[in-house]
Each structure stands twice: as C-alpha cells, then as structure tokens.
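Where a number appears in this text, it was derived from the coordinates with a stated rule and is not lab data. From a predicted model like this one, the values you see are computed outputs, not experimental measurements. All Cβ positions, glycine included, derive from the backbone under ideal geometry; neighbour counts span all protein chains shown.
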Ligand code: IMP
C-alpha cells in the first residue's frame, strides 16, 4: 500500500463526513465514492448485514485499489421475526400505496401497520450495524454494533432519518428522532460499530 487513502463505499455525504472525521484522527486521507465516478452501483445481494458490508467493501477496494470501508445497517423487530432486517431501506417498496411522500415515511407506515395490535411489551427491536474494511488484496476486518429498544405506537421527533421517529431508546425513554446527533452517536448501533472498528484498526492497518 503506497498511499494512505481510505475510500468509503457510499455517496451519502453525511456518512462520509461522520466516518471521515473519525478516521482522519489516524492520519488517513478519506474519500467518498463521489471521487470515483467509475465505480457503479453495488447491489446489496447479501442476506446478512455482514455479507452486504463485506461485498461493498470488497468491490470498492478492488475497483479503486485503496482500502475501502463499508457499512450495512437496519432494524430487526422481534414480533416480525426480525424483519425488515437487511431489507429495511426497501421494506415498503412492495406496497407503494401506503401513506407518505417519502420511502422513509412509507416504511414507518408499514411498520405501524404490521405491528397493529401488538402490545408495548412485545414491540422489542434493535438497530444493527456492521462495518467492514477490506484491502485490495482481500484482507478484511468486521465490526458490529447493536442498539436495543422498542417500537412506539406513533412517530415522534424531527431528527435523524429512517425509522428514528418510531424507535424508542430505553435509556432516555425518547424516540431516536428526539435525540441530538451526539446523543444518538453515543448509543447507536452505528456509533458502537465505528468505535469497535477503530479499536481493531491499528492491527488491521499493520497487516
Ligand atoms: P443502509 O445501511 O444505508 O443500507 O440503511 C438501511 C436502512 O436501515 C435505512 O434506510 C433505514 O431505513 C434503516 N436504518 C439504519 N440505521 C438507521 C438509523 O440509525 N435510524 C433509522 N433508521 C435506520
């Protein structure tokens, strides 16, 4: 490896800035996929968060020749046999008539519908995140984080994205969308996975 450049396997500017801040502390130059327009869409064909994170990191490392970092995340709801899981982003794509102007709003509407009649004590759920780093020659490291909570009866809060308005953090009793970015990072699946990745990073980087 000649140049200490890390490529994040995302075009989401928010994700790039969050991860870039953390990895810069290790003296690494961090770029998003926008810097590599030749890398096309990578289909998330895996059936687990780990498979998807690894396939994205591997594809980007091979295509760019740099170490790549990818994440995959989603919501597991116990009463729904851990759905939507890896399909969290696409959960409502099969039911486009649900109320809501955005995919996130329709996903939340579908979740409430599927949990209709399920009492509070059976609405347990968790967000999961897996982060994977991969070298162009295929060496990799995987870090995981989970955030246990439960699904509310109605949405609350304006922050965050995805299922944040419906996910209740048991520690504060607040919906994830009511937490500040720092509060969420301190307890979230993504925050935990990132901190774990950074613990594993020095050994991975040394090879
Ligand atoms: P991905 O990891 O970008 O593929 O995201 C998967 C999907 O999981 C997102 O589109 C959201 O629907 C959901 N998700 C993952 N993390 C969060 C979170 O922190 N808050 C709310 N929804 C999330």
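To the nearest ten degrees, helix 189-206 and the longest principal axis of the Cα atoms of the chain are 20 degrees apart. From the alpha carbon centroid of segment 148-185 to that of segment 14-74 is 26 Å. Ordering 140, 189, 66 from the fewest to the most neighbouring beta carbons within 10 Å gives 140, 66, 189.
In plain terms, the bigger the Kirkwood radius, the slower the diffusion; for segment 1-142, with that radius from Cα pairs, at 4 °C and 1.567 mPa s, Stokes-Einstein puts D at 78 µm²/s. Note that segment 144-185, at 10 °C in a medium of 1.306 mPa s, gets a Stokes-Einstein diffusion coefficient of 156 µm²/s from its Kirkwood radius over C-alpha pairs. Over the chain, with a Gaussian network built from C-alpha contacts below 10 Å, which listed residue (85, 32, 117) shows the highest mean-square fluctuation? Sorting by GNM fluctuation, first place goes to 117. Packing, taken as the mean count of other beta carbons within 10 Å per residue, orders the peptides 34-41, 89-96 from highest to lowest as 89-96, 34-41. By the count of neighbouring beta-carbon atoms within 10 Å, fewest first, 58, 195, 83 end up ordered 195, 83, 58.
How far, in degrees from 0 to 90, does helix 49-64 lean away from the longest principal axis of the Cα atoms of the chain, to the nearest 10? Result, in degrees: 30. Cβ crowding within 10 Å, taken as a proxy for footprinting-reagent exposure, orders 166, 198 from fewest neighbours to most as 198, 166.
Contact order, relative form, for the chain: 17 percent (alpha carbon pairs under 8 Å, 6 or more residues apart, mean separation divided by residue count). Axis angle, to the nearest 10 degrees, between helix 13-24 and the longest C-alpha principal axis of the chain: 50 degrees. Working ranking of peptides 47-56, 150-159 by packing, defined as the average number of other Cβ atoms within 10 Å per residue, highest first, is 47-56, 150-159. Once you've got the GNM for the chain with C-alpha springs shorter than 10 Å, pick whichever of 84, 136, 119 has the biggest mean-square fluctuation. Among 84, 136, 119, the largest GNM mean-square fluctuation belongs to 119.
Springs join every pair of Cα atoms under 10 Å in this Gaussian network model of the chain, and among 144, 76, 121 the largest mean-square fluctuation is at 121.
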